[in-house]
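So the structure is just underneath, and the comments pick up after that.
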Amino acid sequence: LMQLSIPLNFIGFIYREIRQGLTDIEQMFDLLDVKQEVTDKPGAPELVIDKGAIAFRDVHFAYDPQRPILKGISFDVPAGKTVAIVGPSGAGKSTISRLLFRFYDIQQGSITIDGQDLRDVTQKSLRRAIGMVPQDTVLFNDTIAYNIRYGRPDATDSEVEQAARMAQIADFIERLPQGYKSMVGERGLKLSGGEKQRVAIARTILKSPTILILDEATSALDTATEQEIQSALDIVSKGRTTLVIAHRLSTVIGADEIIVLKDGQIVERGTHRKLLEQNGLYASMWNRQREASEAEERLRQMREED
Ligand code: ATP
């Protein structure tokens, strides 16, 4: 038994060491790596991107066959437009973004981009066409410039700086003693959620994808940060086909269409104004969230006055 347990402990030790060194990359690619059940068809062509029109048709999906998550979802994101998905926690919003990347295959229906079924094209070409600003950005243990340049490794310094400016993070970076050479990540400077999100936006600006997915952070940000991020997002989504996975509702007001998802089905859809008039689920979510954020803002002000 002794003989067996020593090597096992040792392997465990090595494994943890490797894991710690690699967590950034791992988190970045976890979905890409783990989901090997999705494979390219033999001889699959590359996705031919025109304007990036997305169509979901009667999409049924379950991670586990016993538990359907999406139950017949149909919607379009017309080229260059913005569609937001909202709905209670667990409704299946983030699942929709994972399906668009084809991290999983659907059980029924189809998802197309510019008329091509995602299952018929290479995953590489698909993922190249889509940029994602994730909920929680993982930063590499490297300089802030490296982290932005990751969006397009051949970008010049001035392109990196321009992207940072558009993402409203340049002023912050320039105030750091080492500027763009400042180390960030677990072992460097810790950035706030809002700062990390702006780094992700800068990355995406450099990548310049035809299709953009914004997976909005769940965490509440203060009003000023939220406005800065919103204006950065407006810049990056302008003219791109954009799908917003909205956990808060502040970013959806300007969407061309809002889709309200509940228990894997679309229960309401329309513009912000129309949905408020309808006085249904969206309107009640909106009112509840507005009350909550007003209360939060009042608390913040009280704390600042102290
Ligand atoms: P939230 O607003 O809380 O982020 P959401 O609407 O984005 O929620 P999803 O993340 O799409 O919800 O999850 C929908 C359902 O699918 C949840 O019940 C969740 O538990 C389940 N689910 C998500 N990912 C997996 C997975 N990898 N394996 C099994 N079930 C999963």
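The values are calculated or read from the model by the stated rules, or taken from the named source; none is laboratory data. Please read all numbers here as calculations on a predicted model, not as lab measurements. Cβ placement follows ideal geometry from the backbone for every residue including glycine, while neighbour counts extend to all protein chains displayed. When the accessible area is computed, the model is the full protein with side chains, heavy atoms only, and any ligands, DNA or RNA have been set aside. Shrake-Rupley method; radii C 1.70, N 1.55, O 1.52, S 1.80 Å.
General observations
- In whole angstrom, the chain maps to an equivalent ellipsoid with semi-axes of 31, 29, 22, each derived as √(5λ) from the alpha carbon gyration tensor and ordered largest first.
- For the chain, modelled as a GNM whose springs connect Cα atoms under 10 angstrom apart, the maximal fluctuation among Gly151, Gly254, Gly131 occurs at Gly254.
- Distance between the modelled labels on Asp120 and Arg269, one decimal in nanometres: 2.2 nm (7 Å Cα→Cβ projection).
- Pairwise label distance in nanometres, Asp306 with Asp222, each label 7 Å out on the Cα-Cβ vector: 1.4 nm
- For the chain: accessible area per residue (Å², 1.4 Å): 54 Å²
- Net charge of neighbours whose Cβ lies under 14 Å from the Cβ of Leu47, counting Lys and Arg as +1 and Asp and Glu as -1: +1
- For the range 209-306: rounded, prolate or oblate by the Cα gyration tensor [a/c cutoff 1.5]: oblate
- Lysines with Cα under 25 Å of Lys196, excluding same-chain neighbours fewer than 8 positions away: Lys93, Lys181, Lys207, Lys238
- Theoretical gain in end-to-end length, Arg67 to Arg175 [0.36 nm per residue, Cα-Cα removed]: 33.9 nm
- Calculated FRET value between Glu296 and Asp234, using beta carbons and R₀ = 30 Å, to 0.05: 0.80
- P(r) for the range 52-125, from all Cα pairs and a bin width of 5 Å, is 3, 15, 27, 27, 18, 7, 2, 0 %, short bins first.
- GNM result for the chain, Cα springs below 10 Å: residue of Pro78, Pro45, Pro134 fluctuating most strongly: Pro45
- The label-point distance for Arg187 and Arg288, in a model that sets each label 7 Å from Cα toward Cβ, rounds to 4.4 nm.
- Of all DSSP beta bridges confined to the chain, the antiparallel ones make up roughly 55%.
- In the range 92-139 the Cα-Cα distances spread across 10 Å bins starting at 0 as 21, 57, 20, 3 percent of all pairs.
- Structure-based [θ]222 nm, the chain - -39500 (n - 2.57) summed over DSSP H runs of at least 4, per residue, nearest 500: -13500 deg cm²/dmol
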